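Following: one structure in structure tokens, then a few remarks.
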Amino acid sequence: MESSQKTAREIYLELKDNLSRKRFGFGKKAILVNVDLQKAYTRTDLFSTAYETDPNQLEYVNKLAEKFRSRDWPVVWTYVAYMKSGEDCGVWGTRTDTEDSLQNIKFDSERSEFDDRLHIDKEIDTIYCKKMPSAFFETQLQSLCVWHEVDTVIMTGGSTSGCIRATAVDSLSRGYRTIVPEECVADKHESYHFANLTDLSIKYADVLDVQEVFDWLDK
């Protein structure tokens, strides 16, 4: 194992500056998967479980969604919510049991609601309730990708070290070119955030500036 005194941010920025790194690249058609942009994770003024990395994150997400709709490409929003008993959270919900615990994000609670700043078109966008980290796990996302004949998954949301990473691994495992716009994902601490952006960049996805994604969509 290599040792270093560098911060996770410094390691990520060094990797990002290496312009010779080969990319997976964009394909011909993409799906936008917005992961768990709900108040439990976006409203830092309301909930201790929320986080913010880039203050313009939701603005960028809205712009991406708008560009996807203009091309008649699929837009997906996921959220987590659980039964009163919490049993549908399974063993994942057994480590803690406080008002902030995952399994205590109940259906129809404020914590389960999408952030009011998001522009969600409920007539044409797809919304999935997921129970586990990956947006692919036991949802219809894979079937939706097949139906729309996409070859590229672009994802936003949080957390970078949790549900974004899990979804990216599942996306690549299913053969999709996987794109993570850097400004559109967030985490609780910069160490987790940048360490996982580094790992995603090396192994599972292209981590790009969101402007590059905008430019590709505008072509």
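Brief remarks follow.
- Kirkwood estimate for segment 129-194, i.e. one over the average of 1/r between Cα atoms, Å: 12.2
- Less than 5 angstrom separates the built amide H of residue 185 from those of 157, all sequence-distant by 5 or more or on a different chain.
- Full-extension gain in nm, residue 2 to residue 118, via 0.36 nm per residue minus C-alpha separation: 37.6 nm
- Under 5 Å between amide hydrogens, built in the peptide plane, is the criterion, and for residue 81 it picks out 130 among residues at least 5 positions away or on other chains.
- A simple rule links phi to the HN-Hα coupling: the Karplus curve 6.51 cos²θ - 1.76 cosθ + 1.60 with θ = phi - 60°, which for segment 40-52 gives 4, 10, 10, 8, 5, 7, 10, 10, 5, 7, 7, 8, 9 Hz, with x for Gly and Pro.
- Estimated D of the chain in µm² per second, where Rh is the Kirkwood radius over Cα pairs and Stokes-Einstein applies at 20 °C, 1.002 mPa s: 121
- Rg and Dmax [Cα atoms of segment 23-98; Å; Rg one decimal, Dmax integer]: 16.3, 45
- Alpha carbon centroid spacing (whole Å) that separates segment 86-112 from segment 1-35: 32
- Amide H to amide H distances under 5 Å link residue 178 with 153, 206, where only residues 5 or more positions off or on other chains count and H is placed in the peptide plane.
- Estimated FRET transfer efficiency (residue 28, residue 190; beta-carbon r; R0 30 Å; 0.05): 0.30
- For the chain, share of DSSP beta bridges that run antiparallel, in % to the nearest 5: 5
We did not get these values from a lab; they are worked out from the coordinates using the rules stated. Bear in mind the structure is a predicted one, so any value in this text is a computation, not a measurement. Counting neighbours? That spans all protein chains shown, and the Cβs are built from the backbone with ideal geometry, glycine included.
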